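Engineer: Let me give you the structure first, and then I'll get to my questions.
Throughout, read-outs are computed from the coordinates displayed, never taken from laboratory work. This is a predicted model, so every value here is computed, not measured. All Cβ positions, even for glycine, are placed from backbone atoms using ideal geometry, and neighbour counts span all protein chains on display.
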Amino acid sequence: MEKNRNQVIVRASVVGIVTNLLLAGFKAFVGMMSHSVAITMDALNNLSDAMSSLITIVGTRLAAKPADREHPLGHGRVEYLSASVIALIILYAGITALVESVTKILHPKTPNYTGVTLLIVAVAVVTKIVLGLWVKKQGIKANSESLINSGADALLDAVISVTTLAAAGLYLGFGLRVEAWLAAIISLVIVKAGIDMLRETISDILGERVEKPLARQVKSIICMHPHVTGAYDLILHAYGPDQYQGSVHIAIPDTMTAVEIDRLQRDIADDVYEKTGVILMGIGIYAINTTDADLAMVQKKVTDLAMSVEHVMQLHGFFFDPESRRMSFDVVVSFESPDRMETMEQVRRKVLQWMPDLKLRIRMDADLSD
């Protein structure tokens, strides 16, 4: 599957490189012949797109390298870095084009449009629309952020070329020389696109919240196994697109033996990997009381007290030893809480107000997945 994904990315990138180089050559020639800075800047943007596609290929090849001693979890995150480089190239191209556009505004040249030049630009519009839609579709198919960015950028190029045609139309129809101003607007659009792409890739590198469908699928698979009454604290780390490793806690009856628990953990890990590709490196255990009615009453009371505090989303991992008066549990506190530590302390105060002699330990869990 990984091999097919890489083939899709490389094939789409090669098509992008060839197409953009041809367009860049045509537009550069037309821009010089017509003295149009907008068309020349458009050619520069196509050249940067070709370079972006080349970086996508290199990034995909490097990310596909097998794990080694220095990188035991693989090289998948290289794709995030290549996407960042593409964003920086687009940002640089936009800034360069903006500087050139401002120069042309201050020192304008009379454009010289012809039917041939406008026809070439019109053909470029159609070409970039077709290319952008196709590349973006391939990027979604392969879950490649770099390829999706390239497709979106190609569609943006089509919009840029349309503005170039509009500038030519205004000049030919009304004698208005606005193409340098339109080139400046185009440059600002390119700069914004580069900033947005860079922000997204940095977010991927920092580590984003687990996607809701994937988190729910993993938990659903886990809870389908016999004796499992809940799945909590799911943490998944991405080591490249669709390459997740993580851990989870499961709630099971306190009557299960070590052998039964071991078999259950192995079955869950195998099942989750087969159905989602997620590797569960660790499966922790929460033992649920099934025999002591008084203990169950205490757990319900503590749960009610905790859930009465605003921004507390869940309580799990409950443990209580009546003889030593030791109690511990985890609370999930929403990121909407203005002070998450204070929210946890409110839970502590409520429980201790009810049972003052407790040796209470509360662990705050982050709202990591749905």
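Engineer: Please report how many Lys pairs in the stretch 100-255 have alpha carbons closer than 24 angstrom, counting only residues at least 8 apart along the chain or sitting on separate chains.
Structural biologist: Value for the stretch 100-255: 10.
Engineer: Over the stretch 2-206, what relative contact order in percent results from Cα pairs under 8 Å that are six or more residues apart? Let's see the in-between values first.
Structural biologist: Numbers: 308 pairs, mean separation 57.7, N = 205.
Contact order relative to length: 28 percent.
Engineer: Something else: Quick one: go through the stretch 285-315 and flag any residue whose amide nitrogen is under 18 Å from the point 7 Å out along the Cα-to-Cβ line of Asp267.
Structural biologist: Residues 285-288 qualify, since their backbone N sits under 18 Å from the label point.
Engineer: Next up: Note the full-extension length gain between Tyr92 and Arg216 as 0.36 nm times their separation in residues minus their Cα-Cα distance, in nm to one decimal.
Structural biologist: Working: separation 124, 0.36 × 124 = 44.64 nm, distance 4.01 nm.
Between Tyr92 and Arg216, full extension yields an extra 40.6 nm.
Engineer: Compute the convex hull volume of the Cα atoms of the stretch 146-279, divide it by the residue count, and report the result per residue in Å³ as a whole number.
Structural biologist: Numbers: hull volume 15.7 nm³, N = 134.
Here the figure is 117 Å³ per residue.
Engineer: Compute the long axis of helix 340-354 from its Cα atoms, compare it with the longest principal axis of the Cα atoms of the chain, and write down the angle in degrees, 0 to 90, nearest 10.
Structural biologist: 20
Engineer: Cut-off is 10 Å between beta-carbons; in what order do Phe318, Phe174 appear when sorted fewest neighbours first?
Structural biologist: Numbers: Phe318 22, Phe174 9.
With the sparsest Cβ surroundings first, the list reads Phe174, Phe318.
Engineer: In whole Å and largest first, what semi-axes does the C-alpha gyration tensor of the stretch 82-176 yield when each eigenvalue is scaled by 5 and square-rooted? Provide the component values of the computation, followed by the final result.
Structural biologist: Values: eigenvalues 180, 69, 11 Å².
Sorted largest first and rounded, they come to 30, 19, 8 Å.
Engineer: So how tilted is helix 37-63 from the main axis of the chain? Cα-based, degrees 0 to 90, rounded to 10.
Structural biologist: Once rounded, the angle reads 40 degrees.
Engineer: Residue farthest toward the positive end of the dipole of the chain, with Cβ of Lys/Arg at +1 and Asp/Glu at -1: which of Gly169, Asn6, Pro72?
Structural biologist: Working it through, the farthest residue towards the positive pole turns out to be Gly169.
Engineer: Whole number please: convex hull volume per residue, Cα atoms of the stretch 253-332, in Å³. Write out the running numbers ahead of the final one.
Structural biologist: On the way: hull volume 10.2 nm³, N = 80.
Measuring per residue, one finds 128 Å³ for the Cα hull of the stretch 253-332.
Engineer: Give me the distance in nm between label points sitting 7 Å out from Cα along the Cα-to-Cβ direction at Ile140 and Ala366, one decimal.
Structural biologist: Simple spin-label model gives 3.0 nm for this pair.
Engineer: Then there's this: Say we join alpha carbon atoms closer than 10 Å with springs in a Gaussian network model of the chain; which of Gly173, Gly132, Gly16 then has the biggest fluctuation?
Structural biologist: Gly173
Engineer: Working from Cα positions, state the angle (0 to 90°, nearest 10) between the long axis of helix 212-223 and the longest principal axis of the chain.
Structural biologist: 30
Engineer: Between the stretch 149-211 and the stretch 119-137, what is the separation of their alpha carbon centroids in Å?
Structural biologist: 14
Engineer: Counting other Cβ atoms within 10 Å, keep those with at most 16, restrict to DSSP loop, and tell me which GluC sites (Glu not before Pro) in the stretch 203-307 are left. Walk me through the intermediate numbers first.
Structural biologist: On the way: sites: Glu208, Glu211, Glu260, Glu274; in loops: Glu208, Glu211.
Sparse-neighbourhood loop GluC sites (Glu not before Pro): Glu208, Glu211.
Engineer: Moving to a separate point now. Which residues in the stretch 133-173 have a backbone N closer than 19 Å to a point placed 7 Å from the Cα of Ser203 along the Cα-to-Cβ line?
Structural biologist: 139-141, 143-153
Engineer: Quick one: give the max-minus-min coordinate of the C-alpha atoms of the chain along each principal axis, largest first, in Å.
Structural biologist: 93, 43, 33
Engineer: Now, a different point. Computed on alpha carbon atoms, what radius of gyration and Dmax characterise the stretch 234-370, expressed in Å?
Structural biologist: Considering the stretch 234-370 through its Cα atoms, Rg and Dmax are 17.1, 50 Å.
Engineer: Ratio to report: Rg/Rh of the stretch 2-206, with Cα atoms as the point set and Rh obtained by the Kirkwood method; give two decimals. Show your work: numbers first, answer last.
Structural biologist: Numbers: Rg = 18.2 Å, Rh = 17.4 Å.
Here Rg/Rh amounts to 1.04.
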